[in-house]
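These notes concern the structure reproduced below.
The values are calculated or read from the model by the stated rules, or taken from the named source; none is laboratory data. What you see is a predicted model, and the numbers here were worked out from it, not measured in a lab. Please note: Cβ atoms are built from the backbone with ideal geometry, for glycine as well, and neighbour counts cover all protein chains shown.
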Protein chains: 2
Amino acid sequence: MHGELLPGQALTLRGVGKEYDMSMTPVREAMRRLVAEGALSLSSSGRITTPELSNERIEELAAIRALLEPELASRALPRAHMALIERLEAINGQIDQVIARSDAVGYLKHNLEFHRTLYLRAQAPAMLALAETVWLQLGPTMRKLYGRLRRTESPRNHRLILAALKAGDDPGLRIALRSDVTSGLRMLKQ
Amino acid sequence: MHGELLPGQALTLRGVGKEYDMSMTPVREAMRRLVAEGALSLSSSGRITTPELSNERIEELAAIRALLEPELASRALPRAHMALIERLEAINGQIDQVIARSDAVGYLKHNLEFHRTLYLRAQAPAMLALAETVWLQLGPTMRKLYGRLRRTESPRNHRLILAALKAGDDPGLRIALRSDVTSGLRMLKQ
DNA sequence: AGGCTGACTTTGTGATCACAAATAACACAT
DNA sequence: ATGTGTTATTTGTGATCACAAAGTCAGCCT
């Protein structure tokens, strides 16, 4: 999810098992789970790698984000008090620092933390779980294409989100989210 | 997904393994996958059962369906030729027969087949996978509450969907889908 | 130099086992 | 009859193993 792994990276049961000092069995269960969620892909011969997404798949996943995340934000809006907004602003500050260091993994991590912090207020666990599934699928690809992201865009969109939250402006919030989610991913294709 | 299992039903690794004549290991992998998708729930002690959904969860899952499925139908619309519409009409005929027999599992199966047949044309595999995840979570609950479903509603909504498909009416199609998806599930809460 | 065949290694699969935790069953006392 | 303590059984967990398929690599031939 945070882009620690690049697309196409192979993972072996014994290798990961040794890395975390456990046997193959629990690793298998975890891998199978991640394959089921689309976070890892399983070749016909059983080999497991991080997925290499086609442009069409990237666009589709972006469309799903654009569908789910404005809804999550909208549901969080009535419950978004000042304490939450302040926490989001703090996370935004961390994002600025991470961008300054051009730390791709840190950027992905804090950016997702911003979104998750907001969505947790939506009281919609199933919807949030679907969104996280999508993030998981995009992680390696976003890391690989981090250099192409217009990193100046993201903080601006986040500020628009915060402004809409403060104003209680639901349509504005939905638009800000859609544009935050798709502006980042528009850069990724090709 | 088809409601063969009722909510709260317990499943054991050894039991399912014996049923399908295999050892615990592959059963464990399958169960873990289904737990990850929300199709089964894992108690704190590791026991596995089909989920018993709260009213809030049912509403949330219905909201997700209402978000995803109109989008899938809309994407299928430009590619929906007469052959597809005829297949959907045939499935609708089977649904009528199944309702006459009050066959809950058959109803769920054919109803989902109707939706999946349409959505396959959307060329959006990730979005369809998310929709199927939701269906999987709802299966046992829909079966349990099948008696409460207004079974006369569903064929009418399906006819509205088919009419919108024939007319190439995108807004009408989206509305028909939203109402098909939510009218069924509105009955489920309490 | 390039491609092919062979042997060797890596890897996932399914099965089985020991173990501990949790559940179920049961007997007993009140 | 009901609650309680103990015993027996069921159950998931993690580890290990044999096996077959897949992948890798070296050496040889053309």
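For the stretch B:119-133, a residue qualifies if it is among the charged types (D, E, K, R) and over 16 Å from the mean Cα position of the chain (by Cα), and exactly one does: B:121. Scoring residue B:32 on the criteria (1) in contact (Cβ under 8 Å) with a residue 12 or more places away in the chain; (2) surrounded by 17 or more Cβ atoms within 10 Å (Cβ to Cβ); (3) not hydroxyl-bearing (Ser, Thr, Tyr) leaves a single failure, condition (1).
Taking (1) without any contact (Cβ under 8 Å) to a residue 40 or more places away in the chain; (2) within 14 Å of another protein chain (Cβ to nearest Cβ); (3) of a type in the set (Val, Ile, Thr) in turn, residue A:134 satisfies each apart from (1). Checked against (1) more than 14 Å from chain B (Cβ to nearest Cβ); (2) surrounded by 14 or more Cβ atoms within 10 Å (Cβ to Cβ), residue A:122 passes all but condition (1). Among all residues of the stretch A:89-111, there is none that is more than 20 Å from residue A:141 (Cα to Cα), assigned to a helix (DSSP H, G or I) and within 14 Å of another protein chain (Cβ to nearest Cβ).
Being among the polar types (S, T, N, Q), assigned to a loop (DSSP other than H, G, I, E, B) and more than 9 Å from DNA strand C (Cβ to nearest atom) is the filter here; which residues of the stretch B:16-68 pass it? Within the stretch B:16-68, B:50, B:54 qualify. Against the test of being closer than 21 Å to residue A:134 by Cβ, at the interface with chain A (Cβ under 10 Å from one of its Cβ atoms) and in contact (Cβ under 8 Å) with a residue 24 or more places away in the chain, the options B:68, B:53 yield a single qualifying residue, B:68.
Filter the stretch B:8-50 down to residues that are at the interface with chain A (Cβ under 10 Å from one of its Cβ atoms) and within 9 Å of DNA strand D (Cβ to nearest atom) and give me whichever is nearest to residue B:144 (Cα to Cα). Within the stretch B:8-50, the match that is nearest to residue B:144 (Cα to Cα) is B:31. Among the residues of the stretch B:13-29, those identified as surrounded by 14 or more Cβ atoms within 10 Å (Cβ to Cβ) and among the β-branched types (Val, Ile, Thr) are B:16, B:27. Against the conditions (1) at the interface with chain B (Cβ under 10 Å from one of its Cβ atoms); (2) modelled with pLDDT under 95; (3) in a helix (DSSP H, G or I), residue A:129 satisfies every one except (2). Name the residues in the stretch A:93-108 that are surrounded by 19 or more Cβ atoms within 10 Å (Cβ to Cβ) and either touching a residue at least 60 places away in the same chain (Cβ under 8 Å) or polar (S, T, N, Q) (or both), would you? If the condition is that a residue be surrounded by 19 or more Cβ atoms within 10 Å (Cβ to Cβ) and either touching a residue at least 60 places away in the same chain (Cβ under 8 Å) or polar (S, T, N, Q) (or both), then A:95, A:104, A:108 are the ones that fit. Scanning the stretch B:171-182 for residues that are touching a residue at least 12 places away in the same chain (Cβ under 8 Å) and of a type in the set (Asp, Glu) turns up at least one hit. The set of residues from the stretch B:46-92 being farther than 24 Å from residue B:106 by Cβ and exposed (fewer than 13 other Cβ atoms within 10 Å of the Cβ) comprises B:46, B:47, B:54, B:55, B:78, B:79, B:81, B:82, B:83.
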